[in-house]
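Data first, discussion second: the structure below is written as structure tokens.
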Amino acid sequence: MLGSGWIEGATYDDSQAYVLDVTSGATLLSIPFGHSVDALTMVLGEFRELSALIENLRPEVTNVASGTVAAKTAEDQSAVTGVLESGAVAAMHFRGGTSRATAFFHWEINGTDGDLVVKADQAQWWYGGPRLYDARGRDGALTELPVPARYQRSLTQWTERCAEPAYNVAHEYALVRDQITGSLGPAEDGLPDFRHAVRRHATLERVREAARANRKVTLAEQGA
């Protein structure tokens, strides 16, 4: 899984100034990486073990309007590799800013029977509009897969607006409504709750701890 964070690039505007401070809680790790690792673990399972690197390679960034140079303490590189509970190997790398090479988001799953690829044209891919491709058996190329209508639920009248940020929020509200009215079970279709949030934040803390441990090893080796 490879992604561009949009935030934490070489430049920023006034609306993004708060993300420069690592103590704000709005960082590359907590936002684009956090949403993406949530998707990965919901689809493929939790990490059994992992290692991580978190780096701030741009300690100074430039305001696009004023040209003012500001200090940045938030990370602009988050890289995690590990083994999932299934035994599969996973690798994630999120970079600040944007990339001309892989656009914003690329997720490749290589399985026994074929390959799946998810792509998106925006860093906040969870807002809507990701595209899914697959190839199986002797297929020589990927083919785009349509999203089944059942995933739209009662929001089918707004399908043409599925790439808008508000659609994502509306979809979650629709799931909550269906659960309250009894038409959706408590553990169905990945409807998040506080327990899910705690589990995912625990994952992010594991990543931070692994990154700190990795840095300690590196410093020890240099000292030796």
The correct pair for the stretch 1-92, radius of gyration to one decimal and Dmax as a whole number, both in Å and from Cα atoms, is 15.1, 50
Just in the stretch 67-151: which chymotrypsin sites (Phe, Trp or Tyr not before Pro) are loop by DSSP and have at most 15 other Cβ atoms within 10 Å? none
Hey, could you pull the Cα Rg and Dmax for the stretch 78-179, both in Å? 16.1, 43
What accessible area per residue comes out for the chain, rounded to a whole number of Å², with a 1.4 Å probe? 60
Using only DSSP helix segments of four residues or longer, with each worth -39500 (n - 2.57), what per-residue ellipticity at 222 nm results for the chain after dividing by its residue count and rounding to 500? -8500 deg cm²/dmol
Principal axes of the chain: Cα extent on each, largest first, Å: 57, 44, 40
Just tell me the longest site-free run in the chain, where the sites are trypsin sites (Lys or Arg not before Pro) in a DSSP loop having at most 12 other beta-carbon atoms within 10 Å. 1-99
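What do you reckon, how do Met92, Met42, Met1 stack up by accessible area (1.4 Å probe), largest on top? Could the numbers behind the result be given before it?
Numbers: Met92 5, Met42 95, Met1 25 Å².
The most accessible residue leads, giving Met42, Met1, Met92.
The values are calculated or read from the model by the stated rules, or taken from the named source; none is laboratory data. Quantities reported herein were computed from a predicted structural model and do not represent experimental measurements. When we count neighbours, we look across all protein chains shown, and the Cβ atoms used for this are built from the backbone with ideal geometry, even at glycine. We work out accessible area using only protein heavy atoms, side chains counted, and drop any ligands, DNA or RNA first. Shrake-Rupley method; radii C 1.70, N 1.55, O 1.52, S 1.80 Å.
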